[in-house]
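One structure is given below, encoded as structure tokens.
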Amino acid sequence: MPNNHSAQIVQKLWNYCNILRDDGLSYGDYVEQLTFLLFLKMADERARSRPDLAPAVPAEYAWPSLLARDGDDLETHYRHILEELGKRPGMLGLIFRKAVNKIQDPAKLRRLVVDLIDRETWSALDADVKGDAYEGLLEKNAQDIKGGAGQYFTPRPLIRAIVDVMRPAPGETICDPACGTGGFLLAAYDYIAGHNPNLDRDQKRHLMLHALHGVEIVDGVTRLCAMNLLLHGIGPSGNEAEAPVSSGDSLAVEPAIHYDLVLTNPPFGKKSS
């Protein structure tokens with residue numbers, strides 16, 4: 001259950017969706033645009049807090065470049081950012097692949113950037129707060145029957161029940177070949193971390209960076225999954241390293257990759273002997 005802070009963030013972000021829906025944006029369109037902007041904001045926060053590291057986003061496309069613009073110039077620049085970052089490797093290319101600006105009113109885009117996203121220091125929030133907030137948006141999106149988003153959002157109590165039965169363990173590699181927004185991957189992470197409070201440094205690193213792998217055939221859902229994992233503190237922290245989720249047809253991947261455990265919907269799974 002989301003805590004009060006994450007619930008407030010979800011409500012604040014979601015209230016603005018009602019304004020954008022008047023312009024024809026669907027729930028899915030709105031969450032996707034939030035994904036782009038949240039990534040840019042968090043990448044900027046990380047760059048400021050870790051000047052010793054190379055910035056994840058080139059300066060000409062970074063968050064301050066949006067804050068410095070208004071009107072048609074803002075809309076044009078934002079469109080250019082999406083197009084250019086979609087050509088990059090790793091996490092950047094995954095999040096922004098085939099990205100399109102669907103907020104055509106520059107004034108509403110400016111309000112989303114300045115009044116909603118910029119006023120929160122996302123990196124300072126606890127991972128549970130950020131994760132719960134984003135999960136709350138995904139769940140609201142899934143309730144939009146007309147958008148068909150529910151097919152990517154398996155009920156979380158069902159996911160947790162399946163993971164409890166399968167009992168993922170430290171050191172294992174886990175795959176969801178139809179990962180949607182990442183529910184099974186997150187539940188596996190929570191199960192391992194919750195049932196093994198004394199993981200050593202290497203085990204924690206493996207769990208965060210190497211244990212979880214997802215494949216999703218729909219580009220837009222792949223980016224939602226990547227952001228969901230990132231906000232929960234899983235995977236590379238906004239740099240251009242390889243993400244734990246990829247876009248494509250998992251049945252067409254060759255050569256076949258071995259995993260210790262497969263969790264997916266429809267549920268099937270088998271630990272290797």
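Observations
- Filtered residue count, the range 106-129, keeping only those that are open to solvent by 30 Å² or more (accessible area, probe 1.4 Å) and under 16 Å from the mean Cα position of the chain (by Cα): 4
- Of the strands (runs of 3 or more DSSP E) contained entirely in the range 173-249, those carrying at least 3 residues that are touching a Cys at 6+ places or on another chain (Cβ under 9 Å) and open to solvent by less than 20 Å² (accessible area, probe 1.4 Å) fall at 212-216.
- Which numbered condition residue 84 misses (of (1) open to solvent by less than 30 Å² (accessible area, probe 1.4 Å); (2) closer than 30 Å to residue 180 by Cβ): (1)
- Among the residues making up the range 84-116, those that are among the charged types (D, E, K, R) and within 18 Å of residue 31 (Cα to Cα) are 97, 98, 102, 105, 108, 110, 111, 115.
Residues are listed down the side, and each one gets a yes or a no for (1) open to solvent by 80 Å² or more (accessible area, probe 1.4 Å); (2) among the basic types (Lys, Arg); (3) free of Cβ contacts under 8 Å to residues at least 60 places away in the same chain:
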| position | (1), (2), (3) |
| --- | --- |
| 17 | no, no, yes |
| 25 | no, no, no |
| 29 | no, no, no |
| 46 | no, yes, no |
| 52 | yes, no, yes |
| 60 | yes, no, yes |
| 63 | no, no, yes |
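- Filter result for residue 226 (closer than 23 Å to residue 55 by Cβ and either basic (Lys, Arg) or touching a strand residue (DSSP E or B) at 6+ places or on another chain (Cβ under 9 Å) (or both)): yes
The values are calculated or read from the model by the stated rules, or taken from the named source; none is laboratory data. On a predicted model such as this, the values are computed, not experimentally measured, just so you know. Glycine gets a Cβ as well: all are built from the backbone with ideal geometry, and neighbour counts include every protein chain shown. Remember, those area values only see protein heavy atoms, side chains included, never the ligands or the DNA or RNA. Shrake-Rupley method; radii C 1.70, N 1.55, O 1.52, S 1.80 Å.
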